[in-house]
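So the structure is just underneath, and the comments pick up after that.
The values are calculated or read from the model by the stated rules, or taken from the named source; none is laboratory data. Here the structure is a predicted model, which means the values were calculated and not measured. Please note: Cβ atoms are built from the backbone with ideal geometry, for glycine as well, and neighbour counts cover all protein chains shown.
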Amino acid sequence: MPMIYRSRRFALAVLLLLQASGVLVAQAAAPNSCSFITPAAWSAAISRPVTGGTTSVVNDPASTASSCLYHAGAMMITLQVDQRATAADAKKEYADQLDNSHSRDQQQSQHTTVESGIGDGAFSSAFTDGSEVEFTAVLGARIVTLGLIGAGAGAVPHDRLRALMQSALSH
């Protein structure tokens with residue numbers, strides 16, 4: 001009888017160890033966001049020279065997201081890529097971001113639009129004065145957000161931002 005008890009304890013210990021290591025394996029590392037859209041692709045989309053896009057920044061070592069910053073004159077362009085451990089986790093985060101965007105519609109001069117045909121879900125938001133445009137999409141365990149801030153942000157053709165988002169999601 002003592003041998004069976006030890007075998008069960010050993011099996012339980014191995015199972016717990018495997019589950020714990022599975023959690024570590026399931027943790028997604030922050031991707032190199034600058035590799036998703038090149039400065040040349042941004043330049044083509046906004047019809048002006050774009051610089052930057054060389055250093056992907058992760059603010060917290062435990063983060064699953066990274067950001068990349070580009071410049072087009074006085075306009076700042078950001079790209080954030082968040083690689084979650086599971087698609088369910090990514091969809092929950094995306095839903096929270098969509099809810100927050102709708103909340104900002106009521107508090108600020110912004111309009112949020114749900115976008116069809118992009119990934120597993122997408123939405124865009126824009127300030128009514130055209131100074132800021134944001135586009136967020138989720139595909140599987142990945143959430144991508146493009147942001148344009150500054151004069152001319154609202155003048156960038158929407159179909160070009162959609163195409164950039166499709167490209168980033170397929171990266």
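Would you pick out the residues in segment 146-161 that are surrounded by fewer than 18 Cβ atoms within 10 Å (Cβ to Cβ) and either acidic (Asp, Glu) or on the phi < 0 side of the Ramachandran plot (or both)? Steps first, please.
First pass over segment 146-161, keeping only residues surrounded by fewer than 18 Cβ atoms within 10 Å (Cβ to Cβ): 149-152, 154-155, 157-160.
Matches in segment 146-161: 149, 151, 154, 155, 157, 158, 159, 160.
Taking residue 161, is it within 14 Å of residue 75 (Cβ to Cβ) and either part of a strand (DSSP E or B) or touching an Asp or Glu at 6+ places or on another chain (Cβ under 6 Å) (or both)?
Numbers: within 14 Å of residue 75 (Cβ to Cβ): yes; either part of a strand (DSSP E or B) or touching an Asp or Glu at 6+ places or on another chain (Cβ under 6 Å) (or both): no.
Against the criterion (within 14 Å of residue 75 (Cβ to Cβ) and either part of a strand (DSSP E or B) or touching an Asp or Glu at 6+ places or on another chain (Cβ under 6 Å) (or both)), residue 161 does not qualify.
Against the criterion of being in contact with a strand residue (DSSP E or B) (Cβ under 9 Å, 6 or more places away or on another chain), within 15 Å of residue 46 (Cα to Cα) and modelled with pLDDT of 95 or more, residue 135 qualifies. Is it the case, given these coordinates, that residue 128 is within 15 Å of residue 150 (Cα to Cα), surrounded by fewer than 18 Cβ atoms within 10 Å (Cβ to Cβ) and touching a Gly at 6+ places or on another chain (Cβ under 6 Å)? Considered against the rule, which asks whether it is within 15 Å of residue 150 (Cα to Cα), surrounded by fewer than 18 Cβ atoms within 10 Å (Cβ to Cβ) and touching a Gly at 6+ places or on another chain (Cβ under 6 Å), residue 128 comes out as no.
When residue 86 is tested against the conditions (1) more than 25 Å from residue 45 (Cα to Cα); (2) crowded, with 21+ Cβ neighbours inside 10 Å, the lone failure is (2).
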